[in-house]
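The values are calculated or read from the model by the stated rules, or taken from the named source; none is laboratory data. Note that the structure is a prediction, hence the values are computed from the model and not measured. We place every Cβ from the backbone using ideal geometry, glycine too, and count neighbours over all the protein chains shown.
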Amino acid sequence: MPKALVNGVELYYEDAGNGEVIIFLHGLTSNHLMLKQEMDYFKDRFRVIGIDSRGHGNSDKPSTYTLDDHVQDVITFMNEFGIEKATLFGMSMGTYVAQGVAITIPDRVNKMILVSGNSHAKDPSNSLLGKHADELEGFTFEEQMGQLASHIFHDLQTVGKWLQGIPGGLTAEQQEIAANALAEFDFRPELHKVTASTLVINGRHDGLNPPEDGREIAEHIPNAQFVVFENSGHAPNVEEKEAFIELVDSFLR
């Protein structure tokens, strides 16, 4: 089980292929397996690295951490492994981490793919979770996601099969710690610093991070490309797999 000691915590990672590096950054309470199909697809042409963020997957689970810790972990990981430049592929929470990295070390990020992302924390009362707060009281974060699945995803059957292949394994306390790390952030004032060629993708039916969130990211990053997948929710990479892979493949070429 490969692990790297980064900023005082051990991070689990998977590393395959050769060539230009793509670092894959997963969503909240998940792990690198949520992006396994993309890693497997691109490992024949790239060196693909999937990292379990601190507090997630097989990585160490500190009692408290922040979004900036996630950002610094990726930068330190790149330094430790001698990765001068990389493409970042982030999904959901992973897009927050990727944006932070691309702002902090813009000259070291070649390209960036942001899937189902947002550029800032939302007012809880205006968020999907906030609007359904009464019915979600007492549920863990993962249970809340299950309750709201029809508001988050479009093809529930396909997404359900995908999620079955991604073991969670976080306790209720660990889920809360992970969610609290994202309570306050706003990259909008600094996104103009990003120099990476950027592709932003959102699903039309995503109630968690809807298309307007992705559009806002693209409007703040110079020359970013924005695409909406019309038959997807929060997982366009799964809900419209073939079209998604084709688009990302073309972007990376």
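Brief remarks on what is shown
- Taken over segment 218-253, the criterion of being loosely packed, with under 15 Cβ neighbours inside 10 Å and either within 15 Å of N202 (Cβ to Cβ) or in contact with a helix residue (DSSP H, G or I) (Cβ under 6 Å, 6 or more places away or on another chain) (or both) is satisfied by E219, Q225, E230, N231.
- Within segment 28-64, tally of residues that are crowded, with 21+ Cβ neighbours inside 10 Å and either of a type in the set (S, T, Y) or out of contact with any helix residue (DSSP H, G or I) (no Cβ under 9 Å at 6 or more places or on another chain) (or both): 5
- Out of G207, G169, sole residue that is part of a loop (DSSP other than H, G, I, E, B), touching a residue at least 24 places away in the same chain (Cβ under 8 Å), of a type outside the set (A, V, I, L, M) and in contact with a helix residue (DSSP H, G or I) (Cβ under 9 Å, 6 or more places away or on another chain): G207
- Tallying residues that are assigned to a strand (DSSP E or B) and either touching a residue at least 60 places away in the same chain (Cβ under 8 Å) or touching a Cys at 6+ places or on another chain (Cβ under 8 Å) (or both) within segment 6-33 yields 9.
- Residue satisfying condition, being crowded, with 24+ Cβ neighbours inside 10 Å and either among the acidic types (D, E) or more than 19 Å from L182 (Cβ to Cβ) (or both), within set A102, A98, A86, A149: A86
- Test: residue in segment 96-113 that is more than 22 Å from K61 (Cα to Cα), out of contact with any Leu (no Cβ under 6 Å at 6 or more places or on another chain), among the β-branched types (V, I, T) and free of Cβ contacts under 8 Å to residues at least 60 places away in the same chain: yes
- Counted as qualifying within segment 34-115 are the helices (runs of 4 or more DSSP H) with 2 or more residues that are at pLDDT 95 or above and within 26 Å of E190 (Cα to Cα), namely 67-80, 93-104.
- Flag if E184 is touching a helix residue (DSSP H, G or I) at 6+ places or on another chain (Cβ under 7 Å) and either part of a strand (DSSP E or B) or of a type in the set (D, E, K, R) (or both): no
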